[in-house]
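The structure appears below as structure tokens.
The values are calculated or read from the model by the stated rules, or taken from the named source; none is laboratory data. For clarity, every value in this text was computed on a predicted model and none was experimentally measured. FYI the Cβ positions are ideal-geometry reconstructions off the backbone, even for glycines, and counts take in every protein chain you see.
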Amino acid sequence: MSLKTEWGTSTYSHGNGGQCVEARRTSAGAAIRDTQNRSLGHIEASRLEWGALLTAVKGPAA
């Protein structure tokens with residue numbers, strides 16, 4: 001997912017209403033929210049935390 005300053009979803013979500021998260025760039029790192037519960041707010045992650053999350057989700061390189 002390319003992290004933009006506006007909220008964006010993963011290209012893997014295909015826009016079909018699946019259970020996904022949205023993310024956007026912040027001055028400190030990234031903000032993440034649930035697409036189905038946007039009104040509940042978001043959580044923020046530092047650049048280091050965001051990078052660790054992406055590494056963990058992607059798993060070991062093939």
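Among the residues of the stretch 18-28, count how many are under 13 Å from Glu6 (Cα atoms) and either modelled with pLDDT under 85 or surrounded by 12 or more Cβ atoms within 10 Å (Cβ to Cβ) (or both).
5
Only one of (1) of a type outside the set (Ser, Thr, Tyr); (2) modelled with pLDDT under 85; (3) in a strand (DSSP E or B) fails for Gly15. Which number is that?
(3)
Can you give me the number of residues within the stretch 35-62 that are of a type in the set (Lys, Arg), surrounded by 10 or more Cβ atoms within 10 Å (Cβ to Cβ) and closer than 16 Å to Val21 by Cα?
Number satisfying all stated conditions: 1.
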